[in-house]
1. Mind grabbing the base-10 log of I(q)/I(0) for the chain at q = 0.10, 0.18 Å⁻¹? Debye formula, identical points on the C-alpha positions, no solvent, two decimal places.
2. Given the DSSP H assignment, sum -39500 (n - 2.57) over each helix run of at least 4 residues in the chain and divide by its residue total; what's the result at 222 nm in deg cm²/dmol, nearest 500?
3. Please check: in the Gaussian network model of the chain (C-alpha springs, under 10 Å), which one of 64, 73, 45 has the largest mean-square fluctuation.
4. By count of other Cβ within 10 Å, fewest leading, how are 55, 84 ordered?
5. Based only on other Cβ atoms within 10 Å, what is the fewest-to-most ordering of 21, 40?
6. Over the chain, what is the relative contact order in whole percent, taking alpha-carbon pairs under 8 Å and six or more residues apart?
7. What distance in nm lies between label points placed 7 Å from Cα along the C-beta direction at residue 35 and residue 81?
8. Net charge near residue 87: determine it from the other residues with C-beta under 11 Å of the C-beta of residue 87, scoring Lys and Arg +1 and Asp and Glu -1.
Amino acid sequence: MKIEDVVIHPIFSHAFLCFEHPEGQFVGLGDALGVDCVIHRFVDGWMRTYVGDGTSNEDWYGWGADVLAPFDGRVEEIYINPVTNIPGVINPGRASMIRFVREDGVRVVMLD
């Protein structure tokens, strides 16, 4: 198989920032290598990630936002962590994820 660059387009149509986890914070491979991406909005001269106090999922601008396909391919597997997250609390178990496969067999995983 020929190795080619994988071009991954933005996952949201809104402004967002992504943060990597510190080394050693998580033991699960998907979580350890995962990146958190948070939608931001410009409010009252500041970039904000949520309205209200941010203690409910619905407060966050990213809650329910459409996630764009990062490239052409098909969905190979979806795993949803059955534990509803609480903002600011690390979920037990592995991260929710979608695994895509391109026509050439390259697999890309997006974690939640």
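Just so it is clear, none of the values below were taken in a lab; they were calculated from the coordinates. Small disclaimer: the values here were computed from a predicted structure and weren't measured. Positions of Cβ are backbone-derived with ideal geometry, glycine not excepted, and every protein chain shown enters the neighbour counts.
1. Reported log10 I(q)/I(0), two decimals: -0.36, -1.09.
2. On the way: 1 runs with 5 residues, N = 112.
Helix contribution divided over all residues of the chain: -1000 deg cm²/dmol.
3. 45
4. Details: 55 10, 84 7.
By the 10 Å Cβ count, ascending, the order reads 84, 55.
5. Details: 21 14, 40 17.
Ranked by crowding around the Cβ, least crowded first: 21, 40.
6. Numbers: 158 pairs, mean separation 25.7, N = 112.
23 percent.
7. Here the answer is 1.9 nm between the modelled labels.
8. On the way: positive: none; negative: 53, 58, 59.
Result for the local shell: -3.
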